[in-house]
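Only the coordinates and a few stated rules stand behind these numbers; no lab work does. What you see is a predicted model; the values in this text were computed from it and never measured. A quick note on method: Cβ atoms are made from the backbone with ideal geometry, for glycine too, and the neighbour counts reach across all protein chains shown.
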Amino acid sequence: MKNQFLGLTLLVALGLGACKKDKETPDNTVNQVEDNNDLKSEGDQANSDVTDAMENFSTINGRIAATQAKVICGCSIDSVGPKTLRLSYDGVTPCGNPSRTRAGKITFTLVNGSRWSQQGAVLNITLDNYKVVRLRDKKSWNFNGTKTLKNIRGTNWIGFLARTDSLLFQERARNMLVSVNNSANATYNIARTTTWKSVQETNRNFIQFAAIGDTTINGLSNVDTWGTSRFQQTFTNQYLSRLLSDTYCQVWRPRGGEIQHKSNGNTITVKFGVNEQGQTDTRDCAYGWKINWQAAGGTQTERIYSY
């Protein structure tokens, strides 16, 4: 499946620049928000590689294999079973924007349904020392664990391309281990649903992405991520409104959405799609995003960042 269709399927798909450290924030809470954004982005890129790899194998994707083999940057693709593919990364080839290298393996198996295009089809995805290094600052993430990706309504490519139908996917992960910068370990759980649809406007065509958390944790609804951070603080990430972005402005520059991060008595609210003053941006592409932080003692801080 082409990147323009699934891009970073589920991301939350954020790929956002790192939050700047706020010296007033105790217990590394802002750094935890940064980690969550980074880990969503890299996890979603792994999903994108999985769906891209299936284009070469009609026994899994349910369509005719691509006339030209799909190439994934810095990666080789091997069939290791009737419904199983393995992606092996070389660890040296710079890929993407921002540029990064990737090492390790991702193995995935179609465990429900005879084709990925069917309603209810499920992929079981195992990340084995899947390590990403961002070249601009050498920050790294090393993933170990298993997650699932479910095709909720099935894939109607004719309807998708005709703009009469959308793609709906659900992601689940439990106790995904992530080592940050080769040292501190975090444990992540994921529960989110994403929608992709083709949109035509007067002067442009694009693919629109929407994401929302879809579970309840500790009485909080629409939670998409929870667990223990690398600072050994438990946390939850709750969607206050659905995240919206598109390929016209680039998927990592959301047009809207609001997420609340809670950890150690602190609450950080991140609002996407704002202008330079921190208000909802009504232009075609938004300026950036805004953070509101409320410490356990009641002190409040606001910051605005550009994409």
Determine if region 109-122 includes at least one residue that is over 14 Å from ILE72 (Cβ atoms), in contact with a Gly (Cβ under 6 Å, 6 or more places away or on another chain) and among the charged types (D, E, K, R).
yes
Taking region 240-278 and keeping residues among the polar types (S, T, N, Q) and closer than 10 Å to ILE304 by Cα leaves ASN275, GLN277
Of the residues in region 251-265, how many are assigned to a loop (DSSP other than H, G, I, E, B) and among the small types (Gly, Ala, Ser)?
1
Assess whether ILE207 counts as being touching a helix residue (DSSP H, G or I) at 6+ places or on another chain (Cβ under 9 Å) and touching a residue at least 12 places away in the same chain (Cβ under 8 Å).
yes
Filtered residues of region 156-185 (kept if farther than 21 Å from GLN45 by Cβ and charged (D, E, K, R)):
ARG163, ASP165
A careful count of residues in region 269-307 that are part of a loop (DSSP other than H, G, I, E, B), closer than 23 Å to THR225 by Cβ and among the polar types (S, T, N, Q) gives 0
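Conditions (1) assigned to a strand (DSSP E or B); (2) surrounded by 19 or more Cβ atoms within 10 Å (Cβ to Cβ), marked per residue:
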{"residue": "ARG192", "(1), (2)": "yes, yes"}
{"residue": "SER198", "(1), (2)": "yes, yes"}
{"residue": "GLN208", "(1), (2)": "yes, no"}
{"residue": "SER221", "(1), (2)": "yes, no"}
{"residue": "ASP224", "(1), (2)": "yes, yes"}
{"residue": "LEU243", "(1), (2)": "yes, yes"}
{"residue": "CYS249", "(1), (2)": "no, no"}
{"residue": "THR267", "(1), (2)": "yes, no"}
Sole exception among (1) assigned to a strand (DSSP E or B); (2) farther than 23 Å from SER117 by Cβ; (3) in contact with a helix residue (DSSP H, G or I) (Cβ under 7 Å, 6 or more places away or on another chain) for TYR239, by number:
(3)
